[in-house]
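Below: the structure, in structure tokens.
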Amino acid sequence: MTERLRVDVAIVGGGIAGCSAALQLRRHGLSVCLMEKGALGSQASGVNFGGVRQQGRHFDELPLAQRSREVWGRLRELIGTDCEFVPSGHIKLARNDADLAALERYAADAAKFGLELQMMGRQRVRDEHPWLGENVIGGSLAADDGHANPRLVAPAFGRAARALGADLREFARVVEMARDGARFLVRCATGLEVSASFLVNTAGAWGGEIAGTFEEPVPIETTAPNMLVTEPLPSFINRSVGVCGGDVYLRQAARGNVVLGGGDGWVDLKQERSRPLSETSARAIDKALDLVPALRSALIIRSWSGIEGTMPDDIPVIGFSRTTQNLIHAFGFSGHGFQLGPVIGIIIDELVRTGASPSPLGAFDIGRFNGAVPRHASAANPEEEGAKR
């Protein structure tokens, strides 16, 4: 049985970015239908490490990360919960002199963007973090960074969007998308047909397929972050921890469980399946033990993975299509999307309503891959005749 909707904005993909966009668009009076092939936040948004960090960002991403950090600080006001966000500080560790020099260079460059990082030598890093192993020779601290629970964030944004009247459809697999005159037509396997003035592509690892549908092929690849968690332990790790090289990262949740990750699991995008790999997990555990020897007796109680879209330059695609008017992309976050998700929704709302965003988006333009001629967008009209509110 066919169900037809007519809305201002159709969103494909129910991760943090898509759900945040639905919320922001409804806050400004636009009608929205979001379609997600699984449950909200069931892929990259919900299965990652949960790091809320500005430190270590590609400098093109840093202004977005800084703007998003402000949103993380007011999550409870915005969506009714803080999603277990803890501004614990993020420390990036050096295990040799070359690492330490790299951290010093990054800190000097980050200061030009207003991000102040505290450099720590061997003595200070050991005095302030006595649980670190002997191989750590220094580090860089971003005091305002932290971590949150990724399983909570996209569903919380989704609930807030629904409370404002957004139509969010879970387990609604999109099977067809087309530009139908001045509007988009999106069909789902459930029989839902959505007509919309704007189409937003927040489909994560599947975002490249949508771009290809509109003649914008991109060289997106897939990865599967390999994650593990321990039994609850007495609280002792007071930072979100990363390392130069990114081969291991860890944090301790309020319940005492230590979440750690490193390397990639197995993934098959066509089968829509991923799983952790035992050999990858073993390497991550060994590296975690080098950093935090006190974990040696901890029991691993669960491992998991998810599907992430990665671009060759390790930064996402964000902004208007260059082939199709009123198509907006936000995908390929390359493992960096969790912290950015809340502000990506705000940016999508700005693009829909005004055609531009105050955030610098030039580096994320999809045209960097295909060189197509840009198309100009028109701002959405919340009073469009026939639109469902």
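Considering only segment 89-132, state which residues are outside any helix (DSSP H, G or I), over 23 Å from residue 289 (Cβ atoms) and of a type in the set (Phe, Trp, Tyr).
Filtering segment 89-132 for residues outside any helix (DSSP H, G or I) gives 89-96, 112-121, 129-132.
Of the ones still in play, those that are also over 23 Å from residue 289 (Cβ atoms) are 112-119, 121.
Matches in segment 89-132: 113 only.
Tell me, yes or no, whether segment 74-88 has at least one residue that is of a type in the set (Lys, Arg) and surrounded by fewer than 20 Cβ atoms within 10 Å (Cβ to Cβ). Let's see the steps before the verdict.
Residues of segment 74-88 of a type in the set (Lys, Arg): 74, 76.
Next, from what is left, pick out any that are surrounded by fewer than 20 Cβ atoms within 10 Å (Cβ to Cβ): 74, 76.
Yes, segment 74-88 has at least one match.
Here's the yes/no breakdown for (1) of a type outside the set (Ser, Thr, Tyr); (2) farther than 26 Å from residue 247 by Cα; (3) free of Cβ contacts under 8 Å to residues at least 12 places away in the same chain:
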{"residue": "305", "(1), (2), (3)": "no, no, no"}
{"residue": "309", "(1), (2), (3)": "yes, no, no"}
{"residue": "326", "(1), (2), (3)": "yes, yes, no"}
{"residue": "338", "(1), (2), (3)": "yes, no, no"}
{"residue": "349", "(1), (2), (3)": "yes, yes, no"}
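Could you say which residue among 43, 66 is open to solvent by 10 Å² or more (accessible area, probe 1.4 Å), within 18 Å of the chain's Cα centre (by Cα), at pLDDT below 95 and polar (S, T, N, Q)?
Details: 66 fails: at pLDDT below 95.
Of 43, 66, the one residue that is open to solvent by 10 Å² or more (accessible area, probe 1.4 Å), within 18 Å of the chain's Cα centre (by Cα), at pLDDT below 95 and polar (S, T, N, Q) is 43.
Identify, from the list 334, 274, the residue that is among the hydroxyl-bearing types (Ser, Thr, Tyr), under 20 Å from residue 202 (Cβ atoms), surrounded by 14 or more Cβ atoms within 10 Å (Cβ to Cβ) and under 17 Å from the mean Cα position of the chain (by Cα). Step through it out loud before you land on a result.
On the way: 274 fails: under 17 Å from the mean Cα position of the chain (by Cα).
Among 334, 274, only 334 is among the hydroxyl-bearing types (Ser, Thr, Tyr), under 20 Å from residue 202 (Cβ atoms), surrounded by 14 or more Cβ atoms within 10 Å (Cβ to Cβ) and under 17 Å from the mean Cα position of the chain (by Cα).
Residue 57 passes every criterion in (1) within 18 Å of residue 307 (Cα to Cα); (2) surrounded by fewer than 24 Cβ atoms within 10 Å (Cβ to Cβ); (3) touching a helix residue (DSSP H, G or I) at 6+ places or on another chain (Cβ under 7 Å) apart from (1). Just one of (1) closer than 19 Å to residue 318 by Cα; (2) among the hydrophobic types (A, V, I, L, M, F, W, C); (3) over 15 Å from the mean Cα position of the chain (by Cα) fails for residue 16. It is (3).
Could you list all residues from segment 278-313 that are in a loop (DSSP other than H, G, I, E, B), surrounded by fewer than 17 Cβ atoms within 10 Å (Cβ to Cβ) and within 23 Å of the chain's Cα centre (by Cα)?
In the first step, residues of segment 278-313 are kept if they are in a loop (DSSP other than H, G, I, E, B); the result is 292, 298-299, 305-307, 311-313.
Retained after the next criterion (residues that are surrounded by fewer than 17 Cβ atoms within 10 Å (Cβ to Cβ)): 299, 312-313.
The answer is 312, 313.
The values are calculated or read from the model by the stated rules, or taken from the named source; none is laboratory data. Please read these numbers as outputs of a predicted model, since none were measured by experiment. Please note: Cβ atoms are built from the backbone with ideal geometry, for glycine as well, and neighbour counts cover all protein chains shown. To get the accessible areas, we keep the full protein, side chains included, count just its heavy atoms, and leave off ligands, DNA and RNA. Shrake-Rupley method; radii C 1.70, N 1.55, O 1.52, S 1.80 Å.
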